[in-house]
Structure formats: C-alpha cells, structure tokens
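Notes to accompany the following structure.
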Amino acid sequence: MSININIQNLSKSFGETIALKEISLDIKPNELFGFIGPDGSGKTTLFRILTSLLLPDSGTATVDGLDAVTDYKKIRKLTGYMPGRFSLYSDLSVEENLNFYASIFNTSLEENYDLIKDIYSRIEPFKKRRVSALSGGMKQKLALSCALIHKPKLLILDEPTTGVDAVSRKEFWELLKNMQEKNITILVSTPYMDEASLCDRIALMQNGNMLAVNRPQQIIDQYERQLFEVKTENMHPLVSDLEKYNREALVYRFGEYVHVSTYNGDEREYVFALQGYLTGKGYDQVIIQKKIPVIEDCFLALMDKSQTL
Amino acid sequence: MSQRKNIIEVTNLVKKFGSFTANDKLNFTVPEGEIFGFLGANGAGKTTAIKILSGLSKPTSGKVIVAGYDVSKYPNKVKRNIGYMSQQFSLYNDLTVRENFRFYGGIYGLSNKAIKDKTNYYLNKLEMQEYGNKLLRSIPLGWKQKLAFSVANMHEPAVVFLDEPTGGVDPITRRQFWELIYESADLGTTVFVTTHYMDEAEYCERVSIMSEGKIVAIDSPAELKSKYGVDTMDDVFVSIAR
C-alpha cells in the first residue's frame, strides 16, 4: 500500500518572512503531485516540514496517518528525500555513497537493486568514480538512487530538474513515471511550468500561498479570460504598444508570440479592432489568433488576480 | 543587418582537457547588438566556451576575437570590455545595493561621479530608489537578478555574457528581465545568453546548439523550426541534442 498525506492550516514564518500561509491539502496514495512555483514560494519549506526536518509554527501535517512532529522517526523510515542542494559525499565513489545510505537504513544495494535498476544502470559503469568527478546529470541520477535505496513509500524531490537541460529533464520525468508504477507516492517541485502537465495533480505556489490545486487540465479549463497570441514583423516595441491599447489586459512575451489575456467579450470584434490598431501603428504582417492557455498562462492570470485582490 | 560589425569572432576554437575535447572546432560570429542564445545539453561544452570568450581560459588552438581583442593575447583587455552575470555568482549579500554598484564600478575603473550617476540611473529605472541602502540579502531574488544585470552593464561593455540569468524566478519577473535585455540590445550591446528555458530561446535573434563539444546548429529560431519541421524550439532542441 502506498500512502496518503494530509496537511491542515500549515503555517511557517522565518522572522518577518512568511514562508507558508495556512496551507491545507490532501495528497492521495500513489499520486504524482507537483508543486509549481518560483524560488521563495514556499515549496522547500513545505517539503522540509513533511520530512520532519523543520517544525511548523501552526497547523498539522500527517504522512500515512503519522504526525510530522511527534512521529518523525517513523516518517523518516518511509520517506526518500532528494533535497534541492546536491548533498551526497563528493569524496566517496558512486558505489560507496549508495552503500552508505543503504547501511543507514539497515539494507543493502543488492536487496533493493530491482527498485533502482532503471536509474542506477545508467551510472553503474562509473560506480568506482568519485562523485566529485560526475557530470550534473549523473549526480542527479545518483541522488535519486540514494533516495530510493531503502524502498520508501513516499518520495519527495525538491527541484530535481533545476538547471538541467531540456532533454535530460524529459528523461528524468520518464523515470518518475516508472517509479510511480511501483506504488510510491511522489511529491516533486519545479520552477518549470511546462513540467506541470506530467503530474497527476499540481499546486501552483506563490509567496507561501497556493493559487490553485487541481489536475493540470482542469486548471486550464478554469481559465477565466480570453487569450490571444500576437505576432508581427517588428517584435521589440510590441509589448508596450499592446499594453497601451488595453490597460486591463495582461500582455507578456511567450516564445515567438506575445500573449494578450483579456476579459473582453466578443472575440471577433476584439481581434478586428486590435488588428486595426496595430496596422495603424505601422506594424506589418500582423497575426492575431485565439490561443488555448498552457499552465504558465494560468499561473500568470492567477498571480495577477491574487495581486489585485 | 549584414553591415553590423562582428563583436565576437570564433575561428576553429579547440579546447582540450587531457585527452578530452570539450570544444571541437567551433566557428561562429556574433554581430553588434544581437541577442545570441548559446544552447546545449549539460556537459556539451558551453561553460568551457564561455570561459574562453570571457578571457578566463585559453583556447588549446584556434582564434577568438572579442570586442576587437584576441583572447589568447589580451585577456585583460577582453575582460574590460565585457560584462558577465551568472545565476550562481551575482552580487555581495553583505553589501548594500549602492555598495555593490560602487564595488563593481571601482573594479572597472569608473570615476566616482560616473559610479554615482550610473547607480542613480539604474535605481530609477528599476524603481528601486528606496532600496539603495538596503543590504542585498534583504532583496527578493528577482530584483537581485535585475540588479546583477545592471551592474554587468554599468561600464557600457561591448558584449554582456549572461549564464542562465533567469533560473528560479517567477514568470513575470523572468519576462521583465527580458525587457531589460531587449533595451540593452537596442542600445547596441551584444547579448550572449545561455538558458534552459526553451521559450527564452525564441526571444533570441539567433541561437546555436552545442552537442558533445560541437556546434550542431546555428540560425534564427524561425529557420531552425522550419528546417526541422517542428513548432517549438523545445522540439528542435530535443531532436538535435538527444
């Protein structure tokens, strides 16, 4: 059986900085749950409380029914944690690190080899190498192997893909999906919004608050605005000209387009009027089309809403 | 556009560490005022190349001209004419915002008056006047990165190197940061930037993609997408770099 997590009104401050503001959340057994948000949004603080490394100011958190404050010894046995900062021993070899972490939990590499085979096999050819001489991608795979060596029921990964290139990030997510099939509940945090769609459910985090909690597709379905993408010949001044056109709209670059997010009613009328405005400003080859939002659009809209409230 | 002079000229750049070839015959140029994206998987050789371009490391062979100077012969002249900012090393947390400007202005040999003027100019521009005398550690990450960018531009370098400048900041701040990049490029500064955000690759005029020490593609994002028959730079990157 994999395990569930229950979080009730959890708050934590560091001096005047509020890291978590009365967070309540249920995570289901075997869920792959993502916390999406920038640095300082509270992701790490939440993870450190759930792993019993930090005490909350108020509220409660339980892991498999165990209290994160009083039952910390039991929680540590069933949790695998990969912190955001690489924290293996760089003067030990790959193999020595694994054996060390296994022995802490009274187990061995051989005993749980099956569980980590997928990941570990990719770095096994270098098992005699010191960790200080590994590439970033290899360190990441070793850290994940170490977090899994005691066969945890809960895996908590703090920004495992930060600073990792787009290709290695995709591979890493495939590994996580495989892990989920082994009946492990997985919590993962990331600043990359495009990774949200790979989770079962996500929480969008900002300044210690959850802006939204839902399945990625549902967050997209609940987008309250109309979104257009605009492209022209000369893109440099486009953002400021679009902002002047419609001051309530959210205007931001998005890849090769600029996105305009509005509450305006009639779609065709809006496109027609905007086309006229941009042509009048001297823009050539104006393309305006309706766009289906992605998680990053939703995040920006929710951020805007939380700031104006 | 073809009339713009080249600020970076790299010819047959090779860098070896023992028997390992980190940069394998790189050839490219970057003109004045261009925003150039330097992409590649971890370990592809980007950092090695940037260290050479910024005069911190010598090429094994080949010729590299930055801002008019050969990096092998005049590394210190190169350093004076470039700005550099990275996510890891930015500014001093235990100095105030103004002291950071003062420190870096001093390193680049700006006069007291120039330092003062530049500091005021940037604080106004970033709407951070009240924060001038606050310790850097008390300032949110997104603002720190904007300050770091300003400090890197303070001595009006010909080219500014940005090594993953937007890691970890929220999506709004990330975009505000790119507005600063555009402004700076419009004033003629060449911007040489690395990023793992593929939507940011689209903001560059041209990008190069490195794989295993070689440049395997170099063109505008639009050309690359059409060449590989895909819709996003993410897809281009995955099909090339894997």
With just the Cα atoms defining each centre, how far is segment A:145-207 from segment A:63-118? Give it in Å. 16 Å
Accessible surface of residue B:143 in the full protein assembly, 1.4 angstrom probe, to the nearest 10 Å²? 80 Å²
Starting from the Kirkwood radius over alpha-carbon pairs of the protein assembly as shown, derive D by Stokes-Einstein at 20 °C in a medium of 1.002 mPa s and give it in µm² s⁻¹. 84 µm²/s
Which of these, B:60, B:48, B:194, has the largest mean-square fluctuation under a Gaussian network model of chain B (Cα springs below 10 Å)? B:60
For residue A:290, list the lysines whose Cα falls under 16 Å from its own Cα; do not include residues on the same chain fewer than 8 positions away. A:231
So what J values fall out for segment A:124-136 if you push phi through Karplus, 6.51 cos²θ - 1.76 cosθ + 1.60 with θ = phi - 60°, rounded to Hz, Gly and Pro as x? 4, x, 10, 5, 8, 7, 5, 4, 4, 9, 8, 6, x
Choice from B:200, B:34, B:223 with maximal GNM fluctuation in chain B (Cα, 10 Å cutoff): B:223
The answer for GluC sites (Glu not before Pro) in segment A:1-74 that fall in a DSSP coil and have at most 11 neighbouring Cβ atoms within 10 Å is A:16
Hey, how much of the P(r) for segment A:85-226 falls beyond 26 Å, as a percent of Cα pairs? 30 percent
Using 7 Å Cα-to-Cβ label points, what is the residue A:178/residue A:53 separation (nm, one decimal)? 2.6 nm
What is the gain in length, in nm to one decimal, between residue B:29 and residue B:127 on full extension, counting 0.36 nm per residue of separation less the C-alpha to C-alpha distance? 31.7 nm
Segment residue A:111-residue A:21, extension gain: residue separation times 0.36 nm, minus the distance between their alpha carbons: 28.2 nm
Taking the alpha carbon gyration tensor of segment B:9-134, what are the square roots of 5 times its eigenvalues, largest first, to the nearest whole Å? 34, 16, 14
HN-Hα J couplings of segment A:26-40 from phi, Karplus 6.51/-1.76/1.60, θ = phi - 60°, integer Hz, Gly and Pro as x? 10, 10, 7, x, 6, 7, 9, 10, x, 9, 10, x, x, 4, x
Write down Rg/Rh for chain A, rounded to two decimals, with Rg from the C-alpha atoms and Rh from the Kirkwood relation over Cα pairs. 1.06
Of all GluC sites (Glu not before Pro) in segment A:201-309, the ones in DSSP coil with at most 15 other Cβ atoms within 10 Å are A:224, A:233, A:248
With chain A treated as a Gaussian network of Cα nodes joined by springs under 10 Å, which of A:235, A:193, A:138 yields the largest mean-square fluctuation? A:235
Which listed pairs, of A:12/A:43; B:16/B:58; A:170/A:291, have C-alpha distances above 19 Å, in listed order: A:170/A:291
Three principal axis extents, largest first, for the C-alpha atoms of chain B, in Å? 49, 42, 38
FRET efficiency, residue A:99 to residue A:304 (Cβ-Cβ, R0 41 Å, nearest 0.05): 0.20
Virtual spin-label span in nm between residue B:138 and residue B:77, 7 Å along Cα→Cβ: 4.5 nm
Whole-Hz Karplus ³J(HN,Hα) for segment A:75-90, in order, using 6.51 cos²θ - 1.76 cosθ + 1.60 and θ = phi - 60°, x for Gly and Pro? 4, 5, 5, 9, 10, x, 10, 10, x, x, 8, 4, 9, 8, 8, 6
Determine the gain in length on full extension of the stretch residue B:226-residue B:16; use 0.36 nm per residue of separation and subtract their C-alpha separation, reporting nm with one decimal. 72.2 nm
Among the listed pairs A:153/A:182; A:74/A:177; A:305/B:134; A:73/A:128, which have their C-alpha atoms separated by more than 21 angstrom in this model? A:74/A:177; A:305/B:134; A:73/A:128
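The values are calculated or read from the model by the stated rules, or taken from the named source; none is laboratory data. These figures come from a predicted structure and were not determined experimentally. Counting neighbours? That spans all protein chains shown, and the Cβs are built from the backbone with ideal geometry, glycine included. To get the accessible areas, we keep the full protein, side chains included, count just its heavy atoms, and leave off ligands, DNA and RNA. Shrake-Rupley method; radii C 1.70, N 1.55, O 1.52, S 1.80 Å.
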